[in-house]
Amino acid sequence: MSADDPTDHEADDDGTTEAERELLAAFDRLRPQGGVRWAFDDALRRVDQPDLDSSAGAHPWAGLPDDLWDRGRSARIGERFVGEVARVMADLLAADARAAADAAVSAVNGDRFVATWDALQYLSARVEALERRVDPLGLEAAEWPVPSPDVSGWHDAVRGWLGDDVPNGPVIVGESGDGALVAALRHDGREVLGIEPRGSAVWTSFDDEVPGIVFDHVDRHLRSVDRRSAAGVVLIGCIDRADLAGKVDLLDQALRITRPGGVLVLLGTDPSAWDGSLTVPARDLAPGRPFHPETWCLLLRRAGFVDPVWHRSDGGVAQAVVARVER
């Protein structure tokens with residue numbers, strides 16, 4: 001507005017001019033809310049309860065056009081005159097109603113758009129704050145000095161659990177480690193996919209020409225697998241390091257991708273041997289620790305698997321729990 005614009009200086013009942021009201025409204029929209037949480041709540045309130053008295057809303061009816069009666073005088077006296085006046089008034093009232101409705105909707109939706117955008121920004125800030133609290137270090141799996149359990153003594157047992165009575169389809173092994181279990185299952189004619197989050201360094205001794213190994217996080221890759229497409233899932237190592245939410249998510253994803261009658265095999269570290277296998281930093285900082293087989297059986301039943309069985313180790317540090325997807 002220019003300095004000579006009279007609307008700049010016309011004061012409202014409370015003594016504020018239009019320019020001052022606009023400035024105060026801008027400050028009001030940007031005012032501190034006491035924290036990200038409260039700002040988010042206030043933004044959602046503005047989405048759900050928009051300001052219906054916005055100054056950008058409907059304007060009062062401007063009245064009849066100045067030349068209405070002139071139009072009437074130019075018409076014949078009688079029905080034609082009355083019809084002309086009525087037609088002009090009807091058109092004018094309809095147009096004014098549409099303009100008022102459009103202005104009101106624009107005011108409400110405009111405020112909702114701003115409030116929605118604010119809410120998304122505040123929600124993003126809250127999620128980032130929660131992520132920093134849950135995982136302040138952000139270490140990748142390859143950075144954890146946590147060895148996978150030695151499951152070489154379980155190869156024959158796993159091959160038996162994934163025998164002829166298991167439905168057709170690929171077997172997914174995560175983590176695949178040096179690839180020895182993948183090779184053993186392939187020898188039986190099984191289609192096998194190994195998932196290894198720690199990179200190729202962990203299986204340099206393995207035959208590089210054997211296909212079917214992907215370098216990815218186990219939980220992330222399981223989410224990309226089609227529903228009910230796998231004959232079985234074998235989880236090694238990742239189930240030891242994951243926190244409780246991660247462990248439950250691994251079970252949920254395994255149940256989602258395994259066909260009816262398929263098998264889930266958990267090969268985890270004996271909790272009593274866990275601390276002794278770790279470096280001091282890993283022991284202090286690891287997000288999770290192995291569960292006892294009894295705990296795994298409880299979680300498997302709650303996830304929807306049937307007939308979980310604990311198979312005791314014959315002197316090794318790896319324990320096995322096997323369950324099935326109901327047919």
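The values are calculated or read from the model by the stated rules, or taken from the named source; none is laboratory data. This one's a predicted model, so the numbers in the text were calculated from it and none came from an experiment. A quick note on method: Cβ atoms are made from the backbone with ideal geometry, for glycine too, and the neighbour counts reach across all protein chains shown.
Here are the numbers for the structure shown:
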{"item": "Tally of residues being among the charged types (D, E, K, R), in a loop (DSSP other than H, G, I, E, B) and either modelled with pLDDT of 90 or more or closer than 22 Å to residue 238 by Cα (or both) across the range 154-194", "result": "3"}
{"item": "Unique residue being on the phi > 0 side of the Ramachandran plot and touching a strand residue (DSSP E or B) at 6+ places or on another chain (Cβ under 8 Å) when the list is 268, 304, 261", "result": "261"}
{"item": "Subset of the range 271-281 [more than 18 Å from residue 300 (Cβ to Cβ) and free of Cβ contacts under 8 Å to residues at least 60 places away in the same chain]", "result": "272, 273, 274, 275, 276, 280"}
{"item": "Some residue of the range 226-235 being among the acidic types (Asp, Glu), modelled with pLDDT of 90 or more and not in a loop (DSSP other than H, G, I, E, B)", "result": "no"}
{"item": "Test: residue in the range 248-256 that is buried (at least 17 other Cβ atoms within 10 Å of the Cβ), in a helix (DSSP H, G or I), modelled with pLDDT under 95 and among the basic types (Lys, Arg)", "result": "no"}
